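Student: Pasting a structure below so you can have a look.
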Amino acid sequence: MAVGSLQSEHRIVLRDVAWSTFEALLAETDHRGTRFTYDHGYLEIVSPSDEHEQIKTLLGRMVETMTLELDIPIRSGGSTTLISELKERGLEPDECYYVTHEPMVRGRERLDPTIDPPPDLAIEVDISVSSIDKLVIYADLGVPEVWLCDGKSLKVYQLQPDGTYTQQSRSPAFPFLPLEEVQDFLARRDQTDETSLIRSFWTWVKTLKR
């Protein structure tokens, strides 16, 4: 088994890893704070940086604040593992949400990827460049929408009928939401505390109801 490592974000890449090994790691490892990505024998293990965790938390809080204020039903999935044994691919998003398909998973304590739909929205924060193309994995798992943030810019991708993603100017799940505003609030994270930032975002969201 060959091993490589990338310095930023504390990434470790393992090659020739069996699917059963990946499943065992998920089942037996207390990997809170660690993200696993598996793609046809390649296993990437990432210990996210403080910046990564702050950004993913703020984006998640924005989604949850917005949907609460605008009375949009959602189910949060957090970093729940999305896998397909048949396709030998799996990953853990930074955050994910059911929006359109929320009624289909409402009240379910445990979701089964073989019968339940994938989340409608996944949030992926990549401060450093991943060695695995996660959009390809998300596409194979059928996730309709991915928000990709590198710490500076926020890009939104929508899954197309041909199984590829195209970048969008608006979120398909929340088409009324100006992405540049979300990016602007995110850019203010070093200028104020998080409570004040989310309160300002909440105040702004109220204007969307007019």
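The values are calculated or read from the model by the stated rules, or taken from the named source; none is laboratory data. Keep in mind that what you see is a predicted model, and the values were worked out from it rather than measured. Note that each Cβ is placed from the backbone with ideal geometry, even for glycine, and that neighbours are counted across all protein chains shown.
Student: The conditions are (1) under 25 Å from Ala139 (Cα atoms); (2) surrounded by 14 or more Cβ atoms within 10 Å (Cβ to Cβ); (3) modelled with pLDDT of 90 or more, and Pro48 fails exactly one of them. Which is it?
Tutor: Here Pro48 meets the rest and fails (3).
Student: When you check Ile115 against the structure, is it in a helix (DSSP H, G or I) and over 15 Å from the mean Cα position of the chain (by Cα), yes or no?
Tutor: When the stated conditions are applied, Ile115 does not pass them.
Student: Go through the stretch 31-45 residue by residue and tally those that are of a type outside the set (A, V, I, L, M, F, W, C) and modelled with pLDDT of 90 or more. Write out each step before concluding.
Tutor: The initial filter retains those residues of the stretch 31-45 that are of a type outside the set (A, V, I, L, M, F, W, C), namely 31-35, 37-42, 44.
Cutting the leftovers down to modelled with pLDDT of 90 or more gives us 37-42, 44.
Qualifying residue count for the region: 7.
Student: Would it be correct to say that Gly163 is out of contact with any Cys (no Cβ under 8 Å at 6 or more places or on another chain), exposed (fewer than 15 other Cβ atoms within 10 Å of the Cβ) and at positive phi? Give the derivation first.
Tutor: On the way: out of contact with any Cys (no Cβ under 8 Å at 6 or more places or on another chain): yes; exposed (fewer than 15 other Cβ atoms within 10 Å of the Cβ): yes; at positive phi: yes.
Yes, satisfied.
Student: Mind listing whichever residues of the stretch 91-106 are touching a strand residue (DSSP E or B) at 6+ places or on another chain (Cβ under 8 Å) and surrounded by fewer than 23 Cβ atoms within 10 Å (Cβ to Cβ)? Before you say what the answer is, go through the steps one by one.
Tutor: Of the stretch 91-106, the ones touching a strand residue (DSSP E or B) at 6+ places or on another chain (Cβ under 8 Å) are 91-99, 102, 104-106.
Those that are touching a strand residue (DSSP E or B) at 6+ places or on another chain (Cβ under 8 Å) and surrounded by fewer than 23 Cβ atoms within 10 Å (Cβ to Cβ): Glu92, Asp94, Val99, Glu102, Met104, Val105, Arg106.
Student: Next question, about the same structure. Exactly one condition in (1) among the basic types (Lys, Arg); (2) surrounded by fewer than 19 Cβ atoms within 10 Å (Cβ to Cβ); (3) within 22 Å of Leu58 (Cα to Cα) is not met by Arg110; state its number.
Tutor: (3)
Student: Okay, next question. Looking only at residues in the stretch 144-160 that are crowded, with 20+ Cβ neighbours inside 10 Å and touching a Phe, Trp or Tyr at 6+ places or on another chain (Cβ under 9 Å), which one is farthest from Glu51 (Cα to Cα)? Quick ask: steps written out before the conclusion?
Tutor: Here is the first cut: in the stretch 144-160, the ones crowded, with 20+ Cβ neighbours inside 10 Å are 144-147, 149, 154, 156-157, 159.
Of the ones still in play, those that are also touching a Phe, Trp or Tyr at 6+ places or on another chain (Cβ under 9 Å) are 145-147, 154, 156-157, 159.
Numbers: Glu145: 23, Val146: 20, Trp147: 17, Leu154: 15, Val156: 20, Tyr157: 22, Leu159: 28 Å.
Ranking the candidates gives Leu159 first.
Student: Could we say that Ser200 is farther than 24 Å from Phe36 by Cβ and loosely packed, with under 12 Cβ neighbours inside 10 Å here?
Tutor: Working: farther than 24 Å from Phe36 by Cβ: yes; loosely packed, with under 12 Cβ neighbours inside 10 Å: no.
When the stated conditions are applied, Ser200 does not pass them.
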